[in-house]
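Working notes, structure below.
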Amino acid sequence: SAPPLKRSCVGWDPGPGDFLTPSSPANGLPMATQKGFHIEHVVGQGRIMRASRRYEPGDTVLREPPCLTWPHDDAEQLISSFMCASADVQAAVLDMAAPDADAGLSCIVSDHARMEAVAERAARSAERSSLAARMAEAYDGPRAADLFEHLLLIGDINAHAFGKRAGLFPIAAKANHSCSPNCGHSTRVGGEMHYFATCTIEAGDEI
């Protein structure tokens, strides 16, 4: 009998504007409430979220629905959701952080803890590579495995869990982590991300 037809996966390059052609009509990104901040690039930090107005404790900074969701124990659904997403969603997902394996290791003071982190990252990288290679067998395109491995890394770094699902929030993901945060977060019913001020945030402060 004839072999099963493979799904199409065009050549992928992580450069600006070079994204997969979606298999569904472009519906745009889910609407996010974001009027009091902007995203800017800072040398040495990358992209950050900066307040453009004053926030009082308890004020809502951002409400954003997820652009993709999947069962948190089924990473293959992340890939299939991405493949069926609009071009705008695909672009936003591929624009999310996907750091190198050694990112942040210099901040770990303990040699033992650093070695453990290296080993854990290497093991997880091997898992992503194996899963991506297996999934790519169902797709045409020489770089399908590269794309899928990149998406799995994006999921590992950026996903937030809510209930039994995980989701990606491209705008919320631009806010950096801090040991002294001025903003808290929660995922509401349906997975909506809610950022709220935990102290006074002045215009110009990083969120």
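Brief remarks follow.
- Hits in segment 101-114 - residues which are among the aliphatic types (A, V, I, L, M) and surrounded by 10 or more Cβ atoms within 10 Å (Cβ to Cβ): A101, A103, L105, I108, A113
- Where a residue in segment 163-185 is among the basic types (K, R) and its partner, wherever it lies, is surrounded by 12 or more Cβ atoms within 10 Å (Cβ to Cβ) and part of a loop (DSSP other than H, G, I, E, B), with Cβ under 7 Å and at least six apart: K164/H72; R165/H72
- Whichever residue in segment 173-207 is β-branched (V, I, T) and not in a loop (DSSP other than H, G, I, E, B) and, among such residues, is modelled with the lowest pLDDT: V189
- Segment 32-77: number of residues that are among the aromatic types (F, W, Y) and either over 18 Å from E149 (Cα atoms) or open to solvent by 60 Å² or more (accessible area, probe 1.4 Å) (or both): 2
- Scanning segment 157-180 for residues that are open to solvent by 80 Å² or more (accessible area, probe 1.4 Å) and more than 13 Å from A97 (Cβ to Cβ) turns up K164, R165, C179, S180.
- Of all residues in segment 146-153, none are open to solvent by 40 Å² or more (accessible area, probe 1.4 Å) and either at pLDDT below 90 or of a type in the set (G, A, S) (or both).
- Test: residue in segment 10-24 that is modelled with pLDDT of 85 or more and either within 19 Å of L131 (Cβ to Cβ) or surrounded by 12 or more Cβ atoms within 10 Å (Cβ to Cβ) (or both): no
- Close pairs from segment 101-129: first assigned to a helix (DSSP H, G or I), partner modelled with pLDDT of 90 or more, Cβ under 6 Å, at least 6 apart: R128/E149; R128/L152; S129/E149
- The C-beta contact set for segment 144-158 (first residue in a helix (DSSP H, G or I), second residue polar (S, T, N, Q), distance under 6 angstrom, 6+ apart or interchain) comprises E149/S129.
- Qualifying residues in segment 78-100 (those that are part of a loop (DSSP other than H, G, I, E, B), at pLDDT 90 or above and out of contact with any strand residue (DSSP E or B) (no Cβ under 8 Å at 6 or more places or on another chain)) - the one least open to solvent (accessible area, probe 1.4 Å): S86
- Residues that are in contact with a Leu (Cβ under 7 Å, 6 or more places away or on another chain), in a loop (DSSP other than H, G, I, E, B) and at pLDDT 85 or above are absent from segment 45-58 altogether.
The values are calculated or read from the model by the stated rules, or taken from the named source; none is laboratory data. Keep in mind that this is a model prediction, so the values were computed, not measured. Note that we place each Cβ from the backbone using ideal geometry, even for glycine, and neighbour counts take in every protein chain shown. Note: areas computed on protein heavy atoms with side chains; ligands, DNA, RNA excluded. Shrake-Rupley method; radii C 1.70, N 1.55, O 1.52, S 1.80 Å.
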